[in-house]
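Notes follow once the structure below has been shown.
The values are calculated or read from the model by the stated rules, or taken from the named source; none is laboratory data. Note that the structure is predicted; figures quoted are calculated from it, not measured. Cβ atoms come from the backbone with ideal geometry, glycine included; neighbour counts cover every protein chain shown. When the accessible area is computed, the model is the full protein with side chains, heavy atoms only, and any ligands, DNA or RNA have been set aside. Shrake-Rupley method; radii C 1.70, N 1.55, O 1.52, S 1.80 Å.
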Amino acid sequence: MNDFDYLVVKYLHQKHTCDLLSERFTTLRTICHQNESLMDYTNKGREVIGYQKELTLDFQNWSAFLKSEKDNLPNLEEKLKIYKENTNVIEKQYFNLMNGDIKNNIEVMKKCLAKGKYDYYNLMDSLYDRISYNSNLSQMILSFKSCLTFPNTGYTNGKHSYGFSFLKLPLVARDHVIRMMSFVELIQLSRCSEKTKSIIYSLSFPNILSLDLVFRKRQNIITPDWNEYKLCLKLKNSSTFNIIVSNRHQEDGSSRSFDDSRLGYRRVEILELKKSINIVCENGTFSFFIYLVDFLTDVLRMTINNVYIDLRTLCSTQLHSFFCWKSAKLIKNLLIENGRVRSETLTYIFKSLSSLKSLHFSCGLEAAKLSSPLIVAGCVKMFDGRWMTGDALLKIYCEELLIYFNKLTCTDINLFIKNWINSNDTTLRVFQLAGSHGNDTETLFRGIEDLLKPWNKSERGPIFETQAYALDCQNGLDIQRSDGLIATLCVDESVFSFVVWHDRFPQVTKQLPSPEKSILVQFLAAFLRSTEWYQVVEN
């Protein structure tokens, strides 16, 4: 999108903000008038019942606050008037942009829109705070009014209570109410006190099975690209519930009506739908997203299953801080795409993420220090493995290890094979890497020549299945370890494969590719997102 189209969209948004601010101001003025009437009515009832001495201080404070709020209304109205005048100025700049010197007018309009955005946030924050404080005053007055109506729950022993205590409900009723709350209500309740937080923590939410995190880049033809951070809750009935945090309102650039709220000590705009919650947080979107995930893992005791990261959505500092974050250690499956992972971040991932079941890098990787073994229950895929050394290769323990770009030599592979022969590793199934390692079979098979045997169809099947495709092993060479495990070496001109037969005669469900489709093409396809990852990212 060019500067002209971008500024047109920003101008239309600026016009919309005038209406939004006007609505907020009208809401504030209405609440102030309602509070004034409510104070008069309640004060009369207080005098009739005889609470005059005990509650004089309360009513003095409430009256003083209400008076200051009413006195502040003209000031806010004047600021709103100035904001509308500035918007009219921007409108004139817009017509100049349409009819005049585009290059010069673009710079002028950029400055006007930047100032308008700054004024909007300041004014909106002021209005929101005033609405919040006045709404709280309304609740206090209404609570006292209910005490006048039901005196048994009102003023006793020199103190007055407003309404009933939620924490004094019977346990079954209280727990049922909490489980019926929305996600936003649970957050707000947990922040009331340590006791409410511990109550929520003690409950179980059996309908929620796991949690996926998605950091992705979104785009369309109307507006500039924007970052979207998504929490995907997997539910018991095979459905999902999404919590989407972004720094903009809607994919087509238009605005929707959001309810203002305060979560994580900042102002956000929330839209609750049937199967999702959309949260707009235009400042500090990443840190606010982490705040939400902390709540889910700490208070609701959820576990993080899948994490997808588009590196275009996070700077290198944010990426490193994400993996240093305590809940990152709970990640089961990690996929990173589009960009480069710095050396210190990659080293930290290898060192600290101890619960990984799969690790997939479809991105550039800087050199990392693998000081301790990397243990992954499932598959490890590295599209860029040029940092990998022979020593690092021996420290990776997983079920499948796939490396595309690499600088490993036949000597490194030979040491890997010898290490497997002399080890008790019963996890490894597949080790594959791209490269023409068959040109130096003398180095590749040095020291293991006597152990290599051609395929014997009575000892194993002809076809081996990796997670991605079927591999023809009829021309491979077999090695049998002392514990009876058989491994097959398939040396192709473009891919080296080392597969271990935990089931010597497996049931083959995948078809062999056509002769025209080389093994290198199959190997490349293995680095694409699997069906499961597509569902995680695109849902």
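Tabulated values for the structure
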read-out: Matching residues in the stretch 490-510 - criterion: being within 41 Å of the chain's Cα centre (by Cα) and not in a loop (DSSP other than H, G, I, E, B); value: C490, V495, F496, S497, F498, V499, V500, W501
read-out: Residue within the stretch 157-172 that is at pLDDT 70 or above, open to solvent by 70 Å² or more (accessible area, probe 1.4 Å) and within 28 Å of the chain's Cα centre (by Cα) present; value: no
read-out: The stretch 78-92: number of residues that are modelled with pLDDT of 75 or more and out of contact with any helix residue (DSSP H, G or I) (no Cβ under 7 Å at 6 or more places or on another chain); value: 5
read-out: Some residue of the stretch 314-333 being assigned to a strand (DSSP E or B), in contact with a strand residue (DSSP E or B) (Cβ under 7 Å, 6 or more places away or on another chain) and open to solvent by 20 Å² or more (accessible area, probe 1.4 Å); value: yes
read-out: Matching residues in the stretch 13-53 - criterion: being surrounded by 14 or more Cβ atoms within 10 Å (Cβ to Cβ), of a type in the set (A, V, I, L, M) and modelled with pLDDT under 80; value: L20, L38, M39
read-out: Failed criterion for W387 (all others in (1) in contact with a Ser or Thr (Cβ under 6 Å, 6 or more places away or on another chain); (2) open to solvent by less than 30 Å² (accessible area, probe 1.4 Å); (3) modelled with pLDDT under 90 hold); value: (1)
read-out: Exclusive hit being at pLDDT 80 or above and touching a Leu at 6+ places or on another chain (Cβ under 9 Å), set L512, L433; value: L433
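Residue-by-condition table, conditions (1) in a loop (DSSP other than H, G, I, E, B); (2) surrounded by 19 or more Cβ atoms within 10 Å (Cβ to Cβ); (3) among the charged types (D, E, K, R); (4) at pLDDT below 75:
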| residue | (1), (2), (3), (4) |
| --- | --- |
| E228 | no, yes, yes, no |
| L231 | no, yes, no, no |
| I243 | no, yes, no, no |
| H249 | yes, yes, no, yes |
| G253 | yes, no, no, yes |
| R262 | no, no, yes, yes |
| L271 | no, no, no, yes |
